[in-house]
Amino acid sequence: MHLMYSAQQQEPGGIAGWAAGLVEAMGGPGAGLAIALENLFPPLPSEVILPLTGFAAGQGVLSLASALFWTTLGSVVGALALYWIGACVGRDRMHRIWGRLPLVKASDLERTEEWFEKHGTKAVFFGRMVPVFRSLISVPAGVERMPLHVFVTLTALGSLIWNSVLVMAGYWLGDQWEAVETYVGLASKVVLALVVVAVAAYVVKRLRGAKRAQHRRS
């Protein structure tokens, strides 16, 4: 069954068209594949893929249960790939890489590890609902070797919530599903802007600290 678009809505192109093609051709597994790839390549936006999948469910291309099952499975598969990348890098290698980076200290990584040890479960669960971090949070979980069953459970639950909201939005909005991208995309831009500001502040602080240390030595 093909997706039917209203007279006011053109058939989507680009990423949306690619995702629509996968869902039309493969149904739920196609949606799951698209979301697994979205986890591995964050520029692929879930705020496009998930509402489109909900729209397809509303048209009977796949069932709503199938949409939620396969997209959540795709999220877990994509997250596991990143988890194993982090696990393969490992803590020792990460420390060696970190030690070669400018403007950072070993103590910074150690504090991050301590923070993740205390708050890692919450970070993995809630991180699944935050644009960009949804993918990135899997890597430190792998580096720190979070128990696999805990990681999978938290990832599945967090992903199910995020996916359900966007899939249901597309399901109820019908051929206006693209409106979801506007609002979620705005939230993503806000998150990215905050990250850029935080990184910039961190770099400035480090540069000033390096200058003070140099003055004291001279």
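The values are calculated or read from the model by the stated rules, or taken from the named source; none is laboratory data. Here the structure is a predicted model, which means the values were calculated and not measured. Cβ coordinates were reconstructed from backbone atoms using ideal geometry, including for glycine residues, and neighbour counts include every protein chain displayed.
Report, by residue number, each residue of the range 50-71 that is in a helix (DSSP H, G or I) and hydroxyl-bearing (Ser, Thr, Tyr). Walk me through it before giving the result.
From the range 50-71, those in a helix (DSSP H, G or I) are 50-58, 64-71; that's our starting set.
The answer is Thr53, Ser66, Thr71.
What do you reckon, is Leu194 out of contact with any His (no Cβ under 7 Å at 6 or more places or on another chain), at pLDDT 75 or above and of a type in the set (A, V, I, L, M)? Before the answer, list the steps.
Values: out of contact with any His (no Cβ under 7 Å at 6 or more places or on another chain): yes; at pLDDT 75 or above: no; of a type in the set (A, V, I, L, M): yes.
No; evaluated as a whole, the condition is false for this residue.
Would you check if there is a residue in the range 126-147 being surrounded by fewer than 18 Cβ atoms within 10 Å (Cβ to Cβ), modelled with pLDDT of 90 or more and over 14 Å from the mean Cα position of the chain (by Cα)?
Scanning the range 126-147 turns up at least one residue that is surrounded by fewer than 18 Cβ atoms within 10 Å (Cβ to Cβ), modelled with pLDDT of 90 or more and over 14 Å from the mean Cα position of the chain (by Cα).
Within the range 57-80, can you find the residues that are over 15 Å from Ile35 (Cα atoms) and touching a residue at least 60 places away in the same chain (Cβ under 8 Å)? Spell out the reasoning first.
Keep residues of the range 57-80 that are over 15 Å from Ile35 (Cα atoms), which gives 57-65.
Ala57, Gly58, Val61, Leu64, listed by residue number.
Of the numbered conditions (1) of a type outside the set (Ser, Thr, Tyr); (2) modelled with pLDDT of 75 or more; (3) surrounded by 15 or more Cβ atoms within 10 Å (Cβ to Cβ), Asp175 fails exactly one; give the number of that condition.
All conditions are met except number (2).
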